[in-house]
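The values are calculated or read from the model by the stated rules, or taken from the named source; none is laboratory data. What you see is a predicted model; the values in this text were computed from it and never measured. Virtual Cβ from ideal backbone geometry, glycine too; neighbours counted across all protein chains shown. The accessibility values were calculated without ligands, DNA or RNA, using every heavy atom of the protein model including side chains. Shrake-Rupley method; radii C 1.70, N 1.55, O 1.52, S 1.80 Å.
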Amino acid sequence: MNNFIDNRYPTVNDLRAKAKKRIPKFAFDYLEGGCMDELGLQRNRDGIESVQLRSELLKPYAGCDLSVELFGHTYASPFGIAPIGLQGLMWPKAPEILAAAALAKNIPYILSTVSSSGLERIAEISEGNAWYQFYNPTDDAIRKDLLQRVSSAGYKVLVVTVDVQTFGYRPRDIKNGLSMPPKMTLRNIMQMLSCPNWFIETALAGKPEMQTLKPYMPKGMPVDQLAEFMNKTVMGRVDIDGLKPIRDAWQGPLVIKGLINERDVEAAIQIGADGVIMSNHGGRQLDAGESPVEPLQRVAKKYGDQIKILMDSGLRSGTNIASALACGAEFTFLGRPFVYGLGALGKKGGVHTINCLHKQMEQIMNQLGCERVDQLPRFLVSNDAH
């Protein structure tokens with residue numbers, strides 16, 4: 001099982017096509033969708049796919065090593081699983097499946113605060129190897145209690161998301177009337193019934209809820225008030241003043257997720273952050289946003305020796321991962337591809353997707369003549385050479 005690959009789905013695009021048939025449309029739209037006109041989604045793809053690499057072939061080559069040391073742990077591959085909210089809506093028990101797959105394959109899994117699985121449960125499954133994605137609650141008591149729970153559960157790395165200053169304006173979700181749990185409209189019921197595997201697994205798992213946040217929700221709160229609760233209580237604005245008490249309270253590595261601007265990276269360094277994830281939230285928050293791969297190169301050159309530079313948004317393949325690493329990222333994260341894997345293959349989808357991406361990376365490294373991940377920038381075709 002640990003080396004499992006289903007040969008019918010050698011690429012993420014293959015997984016996506018199958019998953020689209022097996023996940024109800026309202027849930028698949030939530031996973032796929034971007035902000036406004038979804039121009040940012042395409043810009044992310046265009047940005048990473050425009051990167052070119054150049055082989056060095058007539059030199060001694062001893063083979064490739066994909067391992068990366070990060071925050072005191074050596075991972076087997078230079079990529080991890082990014083946080084995605086409401087994962088259990090897209091595939092039942094998705095966080096449990098992906099956390100277990102990440103542990104088996106020795107890559108990091110980041111649990112979302114708005115996950116359908118409780119943080120204590122994922123800490124148990126991941127044997128303390130998962131990271132935790134944190135929003136900044138507006139309520140000081142909730143922030144302190146949540147941080148204490150994360151620490152007590154054994155999470156080593158805290159990832160603070162700062163690029164959700166407001167809910168993204170996502171037309172697909174608006175049209176679908178998306179909520180958690182999903183509304184029982186006739187259209188949504190028909191979509192659920194058209195996906196029997198999803199429907200049966202969901203019935204067995206129970207309706208998806210935000211398990212980590214349940215202790216902080218008013219008892220009997222109507223479903224239509226969930227968004228207001230999230231906006232007013234859980235997802236407070238995160239600026240420097242909002243980050244300082246989190247940095248003071250959290251003793252382990254602190255990563256700031258969602259930065260694009262070099263000035264923000266400099267500020268993150270000044271407050272003592274250990275890493276940043278260059279990201280535009282997968283094109284879900286600012287439709288006119290810059291593709292992360294472009295500022296990544298500037299940030300890596302300027303600050304790479306002062307802070308860990310990581311990246312997500314728009315990555316779909318081993319080629320994309322290698323391109324991001326060549327542009328200066330020390331590590332990468334992918335979100336949607338792993339949910340596609342679950343949608344296509346259920347419980348086997350996590351390990352399959354990890355194995356495919358790792359195998360793609362090995363092929364690329366061997367073809368380039370690159371022995372270590374940190375050597376990839378030397379194989380980058382610079383913009384000046386185009």
Tell me which of these residue 152 doesn't satisfy, since it passes every other one: (1) polar (S, T, N, Q); (2) surrounded by 20 or more Cβ atoms within 10 Å (Cβ to Cβ); (3) at pLDDT 80 or above. (2)
What number of residues within region 51-84 are touching a strand residue (DSSP E or B) at 6+ places or on another chain (Cβ under 9 Å) and of a type outside the set (Val, Ile, Thr)? 18
I'm trying to understand the selection: among the residues of region 226-254, which are assigned to a helix (DSSP H, G or I) and in contact (Cβ under 8 Å) with a residue 40 or more places away in the chain? 226, 227, 230, 231, 232, 233, 234, 242, 243, 245, 246, 249
Within region 265-279, which residues are open to solvent by 20 Å² or more (accessible area, probe 1.4 Å) and either of a type in the set (S, T, N, Q) or in contact (Cβ under 8 Å) with a residue 40 or more places away in the chain (or both)? 270, 274
Please determine whether any residue of region 37-51 is under 20 Å from residue 328 (Cα atoms), of a type in the set (Val, Ile, Thr) and either open to solvent by less than 30 Å² (accessible area, probe 1.4 Å) or modelled with pLDDT of 95 or more (or both). yes
Search result, residues across region 360-386 that are part of a strand (DSSP E or B) and in contact with a helix residue (DSSP H, G or I) (Cβ under 8 Å, 6 or more places away or on another chain): 380
Assuming residue 112 fulfils every condition listed in (1) more than 17 Å from the chain's Cα centre (by Cα); (2) buried (at least 22 other Cβ atoms within 10 Å of the Cβ) apart from one, which condition is it? (1)
Based on what the data block shows, is residue 61 surrounded by fewer than 17 Cβ atoms within 10 Å (Cβ to Cβ), in a loop (DSSP other than H, G, I, E, B), more than 18 Å from the chain's Cα centre (by Cα) and among the hydroxyl-bearing types (Ser, Thr, Tyr)? yes
Which listed residue, of 194, 151, 115, is of a type in the set (Gly, Ala, Ser) and touching a Pro at 6+ places or on another chain (Cβ under 6 Å): 115
Here's a check for you: in region 76-96, which residue that is open to solvent by 30 Å² or more (accessible area, probe 1.4 Å) and over 15 Å from residue 110 (Cβ atoms) is modelled with the highest pLDDT? 76
Among the residues of region 1-10, the number that are modelled with pLDDT of 95 or more, open to solvent by 60 Å² or more (accessible area, probe 1.4 Å) and either aliphatic (A, V, I, L, M) or within 16 Å of residue 336 (Cβ to Cβ) (or both) is 0
For residue 372: the one exception among (1) open to solvent by 50 Å² or more (accessible area, probe 1.4 Å); (2) over 23 Å from the mean Cα position of the chain (by Cα); (3) farther than 21 Å from residue 74 by Cα: (3)
Mind listing whichever residues of region 27-46 are in contact with a Leu (Cβ under 6 Å, 6 or more places away or on another chain) and either farther than 16 Å from residue 172 by Cβ or among the aromatic types (Phe, Trp, Tyr) (or both)? 30
Just to be sure I understand, how many residues within region 1-50 are closer than 21 Å to residue 357 by Cα and part of a loop (DSSP other than H, G, I, E, B)? 12
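Residues are listed down the side, and each one gets a yes or a no for (1) touching a strand residue (DSSP E or B) at 6+ places or on another chain (Cβ under 8 Å); (2) at pLDDT 70 or above; (3) of a type in the set (A, V, I, L, M, F, W, C); (4) open to solvent by 20 Å² or more (accessible area, probe 1.4 Å):
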| position | (1), (2), (3), (4) |
| --- | --- |
| 209 | no, yes, no, yes |
| 213 | no, yes, yes, no |
| 218 | no, yes, no, yes |
| 222 | no, no, no, yes |
| 227 | no, no, yes, yes |
| 234 | no, yes, yes, no |
| 239 | no, yes, no, yes |
| 245 | no, yes, no, yes |
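Residues are listed down the side, and each one gets a yes or a no for (1) free of Cβ contacts under 8 Å to residues at least 40 places away in the same chain; (2) among the polar types (S, T, N, Q); (3) under 29 Å from residue 297 (Cβ atoms):
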position: 9; (1), (2), (3): no, no, no
position: 19; (1), (2), (3): no, no, no
position: 55; (1), (2), (3): no, yes, yes
position: 91; (1), (2), (3): no, no, no
position: 95; (1), (2), (3): yes, no, no
Within region 64-75, restricting attention to residues that are hydrophobic (A, V, I, L, M, F, W, C) and part of a loop (DSSP other than H, G, I, E, B), which residue is surrounded by the most Cβ atoms within 10 Å (Cβ to Cβ)? 64
